[in-house]
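**Q** Before we start, here is the structure in question, set down as structure tokens.
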Amino acid sequence: MPRLMTLAKCMALAAGLFASSAHAEETVVWWDFLSGGDGVRMKQLLSDFNAQHQGKIKIDATTLEWGTPFYAKVQTSAAVGEAPDMMTYHASRLPLAVKQGVVQEITADDWKTMGITKADYATATWDAVTVDGKQYAVPFDTHPIVLYYNKDILKKAGLLTDDGKPKGMESRQAFTDTLKALKAAGVKFPLGSVTADGNFMFRTVYSLMGQQDGELMTDGKFLVGDNAKKLENALAVLQEWTKEGLQSTYTDYPATVALFTSGEAAMMINGVWEVPTMTDLKKDGKLFEWGAVELPVIFNHPSTYADSHTFAIPANKGKDMTPEKRAAVLEVISWMDKNSLFWATAGHIPAYGPVTATAEYKAMQPNATYSVLTSNMIFDPKSPLAGIAGPMFDVMSNFFVPTLNGEMEPAKAVEEIKAGLDDL
């Protein structure tokens, strides 16, 4: 009888240990590339998640260098089973990631577990994470470029509409007239643009191509049919503005922001991620009244280039993820999407539709004003050659700077670009 009691006690102890291990806190190893205002806000979200999931899930986060260094480390780490449990990833880089085999599919069961569906996202955003009919990431935001403007300068020049937006947004001629009117009013640079960085200017050029329904790549071929002419048209407009003194020349990124915030440039084309810069300066009494809207329609219809920060799960070679770990990862992703209203303070447009449908988001300015562009977004071509810091960016950027600054004719630039792209 004593022996039986001892055995019973041992079984009870084992059951207790199993129960406690089954409910042990799961640690989710996380990598991101978010710095500046993005980094500050993400760290707050990570802290909030850990506080709400204490004893259940803990995120162990590391921030790595943005761009090529990040993606190179992911590739080499996944190949030896040392990548994280989850990571941030640009949607534009997913075709290459799938080809390299460094990301896992987000399965139908995963979406069900997260309580998220295709209907929760804009069509273009969902398509951006889809490769060959399968999803390989969960969209977190979209971060397009927009037109920032100085309301004080435009109002003084009589160039604000009744609802406080710039006049001349409906056509090439109308917007050019607005720029000329600002020049005549004594504004040094009607438009500030990053004309010394071809990688950045890709966003503007590609937007203008999209306004013509242009494509960089069609069935695996570059600039076929009239697409070369559409690229030439886009470059010609931008060059015209520079030659006529309507746009800043050879301006790098920091200088472009400085021109706008100092009042030397009345408007600026830049990413939504500069919204916190403007918000903080205004809060400190160091900035004029300002706003941000969708890009003007220079050609046929609205179209704006965008990319998306997403969450992806690495395909760690030789290292299977336990069901408990995957459940924890999916809870992290789901929570981040559903709590992305705070992320919108970084200027980004939350990808999760129920967030942008809230009264809180609709009251957030200028975010709610420019978020209408999600119905007009275009993403990078679906190609391993495309994406942030990808080969296509590099080839095209070599010719954007001299063309926009009047040193190369648009037709010649397009000829060189096509040759360079074909060499890829």
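We did not get these values from a lab; they are worked out from the coordinates using the rules stated. Just so you know, these numbers come straight off a predicted model, no measurement behind them. In this analysis, Cβ positions are derived from the backbone assuming ideal geometry, glycine residues included, and neighbour counts consider all displayed protein chains.
**Q** Quick check on my link table: of LYS56/LYS325; LYS99/LYS230; LYS99/LYS418; LYS99/LYS319; LYS134/LYS382, which ones sit more than 21 Å apart, alpha carbon to alpha carbon? Intermediate values should be presented prior to the final figure.
**A** On the way: LYS56/LYS325 11 Å; LYS99/LYS230 30 Å; LYS99/LYS418 24 Å; LYS99/LYS319 19 Å; LYS134/LYS382 13 Å.
Result: LYS99/LYS230; LYS99/LYS418 exceed 21 Å.
**Q** So how do SER303, SER207 line up by other beta-carbon neighbours within 10 Å, fewest first?
**A** Fewest-to-most Cβ neighbours within 10 Å comes out as SER303, SER207.
**Q** Please give the helix 227-243 orientation as an angle from the longest Cα principal axis of the chain, in degrees from 0 to 90, rounded to the nearest 10.
**A** Long axis of 227-243 versus the principal axis of the chain: about 60 degrees.
**Q** So, one more: As a check on your grasp of the helix formula, calculate [θ] at 222 nm for the chain: sum -39500 (n - 2.57) over DSSP H runs of n ≥ 4, divide by the residue count, round to the nearest 500.
**A** -13500 deg cm²/dmol
**Q** Let me ask something additional. What is the P(r) of segment 174-213, as percent of Cα-Cα pairs per 5 Å bin from 0?
**A** In order of increasing distance, the bins hold 6, 21, 16, 20, 21, 12, 3, 0 percent.
**Q** P(r) of segment 52-129 in 5 Å steps, Cα pairs, percent per bin?
**A** Histogramming segment 52-129 at 5 Å steps yields 3, 11, 19, 22, 19, 17, 9, 1 percent.
**Q** Considering only DSSP beta bridges where both residues belong to segment 26-162, give the percentage that are antiparallel (nearest 5).
**A** Values: 2 of 11 bridges.
Percentage antiparallel, nearest 5: 20.
**Q** In whole angstrom, how long is each semi-axis of the equivalent ellipsoid of the chain, when you take the square root of 5 times every eigenvalue of its Cα gyration tensor and sort them from largest down? Present the calculation step by step, with values, prior to reporting the outcome.
**A** Details: eigenvalues 417, 127, 57 Å².
So the three semi-axes of the chain are 46, 25, 17 Å.
**Q** Give me the angle, in degrees from 0 to 90, between the Cα long axis of helix 2-22 and the longest principal axis of the Cα atoms of the chain, rounded to the nearest 10.
**A** 0
**Q** Among 193-201, 320-328, 129-137, 369-377, what's the highest-first ranking by average C-beta atoms within 10 angstrom per residue? Display every interim value, and only then the final one.
**A** On the way: 193-201: 22.0, 320-328: 14.7, 129-137: 17.7, 369-377: 19.3.
Order by mean packing, descending: 193-201, 369-377, 129-137, 320-328.
**Q** Now for a separate question. Give the dimensionless ratio obtained when the Cα radius of gyration of segment 51-96 is divided by 2.2 N^0.38 Å.
**A** Values: Rg = 13.0 Å, N = 46, 2.2 N^0.38 = 9.4 Å.
In units of the 2.2 N^0.38 Å rule of thumb, it is 1.38.
**Q** If packing is taken as the average count of other Cβ atoms within 10 Å, what order do 168-179, 356-367 fall into, highest mean first?
**A** Working: 168-179: 17.3, 356-367: 14.3.
The densest-packed peptide leads the list: 168-179, 356-367.
**Q** What order do you get for TRP290, TRP126 when you list them from fewest to most C-beta neighbours inside 10 Å? Kindly include the intermediate steps, with their values, before the conclusion.
**A** Numbers: TRP290 21, TRP126 18.
In increasing order of surrounding Cβ atoms, one gets TRP126, TRP290.
**Q** I'd like the GluC sites (Glu not before Pro) in segment 385-419 restricted to DSSP loop residues with at most 13 other Cβ atoms within 10 Å, sorted by number.
**A** Working: sites: GLU407, GLU415, GLU416; in loops: GLU407.
For GluC sites (Glu not before Pro) across segment 385-419 that sit outside H, G, I, E and B with at most 13 neighbouring Cβ atoms in 10 Å, the list reads GLU407.
**Q** Rg to Rh ratio, segment 77-196, alpha-carbon atoms and Kirkwood radius?
**A** Numbers: Rg = 22.3 Å, Rh = 18.5 Å.
Taking Rg over the Kirkwood Rh, I get 1.20.
**Q** Now a separate question. Would you work out which of GLY353, LEU259, PHE175 lies farthest towards the positive end of the dipole of the chain, given +1 charges on the beta-carbon of Lys and Arg and -1 on that of Asp and Glu, about the Cα centre?
**A** Of the candidates, GLY353 comes out farthest on the positive side.
**Q** Shifting gears a bit: What fraction of the DSSP beta bridges in the chain is antiparallel, stated in percent and rounded to the nearest 5?
**A** Details: 25 of 40 bridges.
Percentage antiparallel, nearest 5: 60.
**Q** If I take all pairs of Cα atoms in segment 318-378, what percentage of them are more than 19 Å from each other? Don't skip to the end; give the middle numbers.
**A** Numbers: 769 of 1830 pairs.
The share of Cα pairs beyond 19 Å in segment 318-378 comes to 42 percent.
**Q** Dipole of segment 287-424, Cα-centred, from +1 at each Lys and Arg C-beta and -1 at each Asp and Glu C-beta, to the nearest 20 debye? Show your work: numbers first, answer last.
**A** On the way: 9 positive and 16 negative charges, 122 e Å.
Rounded to the nearest 20 debye, it is 580 debye.
**Q** On to the next question. Taking the Cα centre of segment 179-220 as origin and charging only Cβ (+1 Lys, Arg; -1 Asp, Glu), how large is the dipole, in debye to the nearest 20?
**A** Working: 4 positive and 4 negative charges, 102 e Å.
That gives segment 179-220 a dipole magnitude of about 500 debye.
**Q** Would you list LEU96, LEU231, LEU341 from fewest to most Cβ contacts within 10 Å?
**A** Values: LEU96 20, LEU231 27, LEU341 15.
Exposure proxy ranking, most exposed first: LEU341, LEU96, LEU231.
**Q** Please compute the modelled spin-label separation between THR76 and ALA419, points set 7 Å along Cα→Cβ, answer in nm with one decimal.
**A** In this crude label model, ALA419 to THR76 measures out at 3.5 nm.
**Q** Could you tell me how many degrees, from 0 to 90 and to the nearest 10, lie between the Cα long axis of helix 198-210 and the main elongation axis, the longest principal axis, of the Cα atoms of the chain?
**A** 80
**Q** Give or take rounding to whole Å, what are the principal axis extents of the alpha carbon atoms in segment 236-314, in descending order?
**A** 49, 39, 24
**Q** How would you rank 343-349, 293-299, highest first, on the average number of other Cβ atoms within 10 Å across their residues? Show your work: numbers first, answer last.
**A** Details: 343-349: 23.6, 293-299: 21.6.
Order by mean packing, descending: 343-349, 293-299.
**Q** Now for a separate question. Over all distinct alpha-carbon pairs, what is the Kirkwood Rh of segment 158-295 in angstrom? Provide the component values of the computation, followed by the final result.
**A** Details: mean 1/r = 0.0620 Å⁻¹.
Over segment 158-295, the inverse of the mean reciprocal pair distance is 16.1 Å.
**Q** Shifting gears a bit: Please compute, over every Cα-Cα pair in segment 218-368, the percentage with a separation greater than 24 angstrom. Before the final figure, lay out each step's value.
**A** Working: 6302 of 11325 pairs.
When all Cα pairs of segment 218-368 are counted, 56 percent exceed 24 Å.
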